[in-house]
1. State, to one decimal in nm, how far the label point of residue 558 lies from the label point of residue 107, with both points 7 Å from Cα in the Cβ direction.
2. Would you please classify the overall shape of segment 416-502 from the alpha carbon gyration tensor, given that a ≥ b ≥ c denote the square roots of the eigenvalues, rounded means a/c under 1.5, and beyond that prolate means a/b larger than b/c while oblate covers the rest?
3. Probe radius 1.4 Å, ligands and nucleic acids left out: which of 221, 612, 13 has the largest accessible area, and how do the rest follow?
4. For residue 256 and residue 385, compute 0.36 nm times the residue count separating them, minus their Cα-Cα distance, and round to one decimal in nm.
5. Could you order peptides 526-537, 563-574 by the average number of other Cβ atoms within 10 Å of their residues, highest first?
6. Which of (i) 1.42; (ii) 1.21; (iii) 1.04 is the computed Rg/Rh (Cα atoms, Kirkwood Rh) for the structure on display?
7. Just read off the accessible area of residue 67 with the full protein assembly in place, 1.4 Å probe, to the nearest 10 Å².
8. Name the GluC sites (Glu not before Pro) in segment 114-188 that are in a loop by DSSP and that have at most 16 other C-beta atoms within 10 Å, would you?
Amino acid sequence: MAVLPSPATFVGREEELDFLSTRLDPADSTRGPVVILLTGTAGVGKTALAVYWAHRSRDRFPDGQLHVDLRGFNHRGPMDPAALRGFLLALDVPKERIPDDLDTQVALFRRLVADRRMLLVLDNARDTDQVRPLLPDSPGCAVLVTSRRRLDSLVAREQAAQLNVALPSAGQAREILLTRLGPREVSRDDPAVDELVRRCARLPIALAVAAAQATVRPSARLDDLVTELAELSIADSADTDVPTVFALSYHALTERAARLFRLSGLHPGPDFGTEAAASLTGLPSARTRPLLQQLAAASLVEELPGGRYRFHHDLLRDYAVELAAREPERRSAELRVFDCYLHTAIAADRLLYPHRESIPVQPRREGVALATVRDHDAAWAWFTVERTNLLAALGQAVRIGADDHVWRLSWALSSYMGRAGSRHDWRASLDAGLAAPRRIGDRRAESTVLRVLGRVHTLSGNYPLATAVLQEALRVSAQLPDIVGQAHAHHAISLIHERDGNLDDARFHAERAVALAESASHEARAARALNQLGRVLSVLGDHAAALKCCTQAVEVLARLGDRASLADAAESLERVHHGLGDLVAAIRQYRRALQIYRDFGDLWSQAEVLRRVANAYLGLGRDSHAARALAVTLDLCTEIDHPETEEVHTLLTATSARIPAGERNADTHPA
C-alpha cells in the first residue's frame, strides 16, 4: 500500500498527536480494530492532523494505509458506501472480480485485511452508516475517522475514542501563517500577522489561502493585504469572515482565472481534468492549464496526480458554488461539461464494444474539449477514473432538466457498468435514463433504454420484470416502427424464456428476431438472433439444426469482426457439441469463448461457460478438472450475486467428495 502524502506544512497539535499515538495502537486490541473519531468544525484541520499522523506513523502499519474522502458534506451529496470498491482495488482485487453486492464486498474486504496491520483513514464522514461498511472486524488494523458531526452511535457501538479538534490557539495560528509565508521577511511581532490571524478566525484553511495570496504577491506588504481584507469586509458588512479571506484571493486572480474558479463550482463531481475545466469555460485546454495553475498557486484548488484538480477544501467549493449561482452563463457552462463527458464516453464505449448499435447524438457545442481515448485499455482507464464524475453529471443533468443528456449518458455508461460489476449503479442510471425520454416524448430513445434495462434485470435473475420491460420495448419499437429494435427485443425475450425453461416461447421469439433482422438486411443482428435460435434448438434436442444455425452465426460474426457476439456464438457451439456428445469439441469451443469473455471482463458469461465446461468434464469422468472449474465458477457467482450460486456450491461439494484424497490439491487448470 502507498503511504499517504504528508501535508506540505504542519504546525503544532502536539497534544492531539500524542493522543493519537497513545490510542491508535492495533497491538492493544484483542477484540476488533482500534477506532478514533476526530470531530470539529469545517476547516479546523482534522484532515491535515489525520494525514500528518498517518505519515509519521507509517512504520506502525507494515501492511500499508488506505485513505478515502467520503465527501460527507459535499454540496452534491456524500459518497455512498461504494467507496469500499476503491479499497478492494487498492488491495489488488482485479476490477472484474469485485462483487456488485455491498454485503459481499464487505465480507471480501474484511477477509482480506483480517491478518494485516493497516491504518484506514476515513475522511469527511457524514454519518455512521457511511463508515460501518469500511470497518474491519478483527484486531490488527486501526481506523481514523474525521467528521464535522459527533457520530455518537460509532462511539457507542464500535467503542470509538472521540477527540474534538479545536481551533488552534492564537500563537499556533501565527506559527501556521508564518510557516506558510516561507522565506518572506516578516517580523514575528508584526501587528499585521495578528490581524490576518484574527480575520482568518484562526481556521487553518483560511490561513493557508491568506498565506498563498501573500506568497503570489511578494511585492505587497502584509499591511496591504490586511487593508484589502478590511475593505472587502466593509463591502460585505462583515468583520471576521472566512469567505472574505477567500474573496481576497479570488479578487486577486486574473479575469479568466476568476471565471474558471466561479464556473468550477458547477462541476458535478469531486475532481476534474483539464478537458472538463476547459469545457466549463469554453476555452481550449492549452489555455486552461495555466489558469488551473493560477488557482493552485492561490491555494484555491490543489493539483492531483495525472493532471487532475480538486478544490483545496469543501469550504472553497461552497464559495465557488455561491459565486456560480449568480453566473449568467451557468446553463451553457453546465451543458458544455455534459457534452465533454457524453461525447468522450460514447467514443470510449465504441472502443469497448465496436459493434454496439449506435444512438443519435447532436454535435458537441462550441468550446467543448474532449479527452483523448485511443484504444480499449485507455477507454477502460478513462471510465474508471471518471466513473464518479459521470454518475454525478447524470444526476446533475436530471436536476436541471437536461433530459437529452440524461438518457444518452445512461446509455453510454451501460457497457462499462455491466462489465465493471456495478449493477446497482447500472440499474439506477438506466432508471434515470428511462424517465428522461418519457418526459420529452422521445419514443425511440425510450425503446433503446428499455432494451438495456431489460438486460440488467435478466442478468440479475428477475425474469418477470425483465420480460415486462422488454415487452414494453417491443411495443414501443412496433409503434415507431423500428424493425431492428423489434428484432433486438425479440432476441432478448427469447433469452429470458430459454433461461426460465419456456422453450416454445423462446423458439418463437428467436425465429421472429431472425426474420425481422433479415427483412431489415441487418447482417450482424440477424447473426446474433440466429445464434440465439441455435441455443434454443440445442436445448430442445434438435442438435443438427442447432449446429447449422450456430456455425453460420460464427462465420458471419467472425467475418464482421464482432468479437463480443462471436464469444456468445462460440459458447453456443459448445452447448451444441455437448448435446451431440462431442465433449472434447465442446471444451475446445469453451476455450475460444472464455478467452474473449476474459478480454472483455464479462464476469457473468465467464461463470456461465465455466459451469458448462465443468459439466463436460463430468461427462468425461474427469472429476478433478470439473471441481477446479466449479471452484472458479463459485467464486465468480458469489462476486456477481448470481441467482444460481447455491446450486453451483452444491454441485462442487458433491463433485469434490468423489475425488480421491491424493488428487484434491492437484494444481490442475480447469481447461
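The values are calculated or read from the model by the stated rules, or taken from the named source; none is laboratory data. Note that the coordinates shown come from a computational prediction; the quantities given were computed from them, not determined experimentally. Glycine gets a Cβ as well: all are built from the backbone with ideal geometry, and neighbour counts include every protein chain shown. Surface accessibility is based on the protein's heavy atoms, side chains included, excluding ligands, DNA and RNA. Shrake-Rupley method; radii C 1.70, N 1.55, O 1.52, S 1.80 Å.
1. Inter-label distance under the simple model: 4.1 nm.
2. On the way: a/c = 2.06, a/b = 1.09, b/c = 1.89.
Oblate is the answer for segment 416-502, as a/c is 1.5 or above yet b/c matches or exceeds a/b.
3. Details: 221 140, 612 45, 13 20 Å².
These residues rank, largest area first, as 221, 612, 13.
4. On the way: separation 129, 0.36 × 129 = 46.44 nm, distance 2.72 nm.
The span from residue 256 to residue 385 would gain 43.7 nm if fully extended.
5. Working: 526-537: 26.4, 563-574: 24.6.
Taking the mean over residues of other Cβ atoms within 10 Å, the ranking is 526-537, 563-574.
6. Checking each listed value against the structure points to (iii).
7. Roll a 1.4 Å probe over it and residue 67 shows about 70 Å².
8. 185
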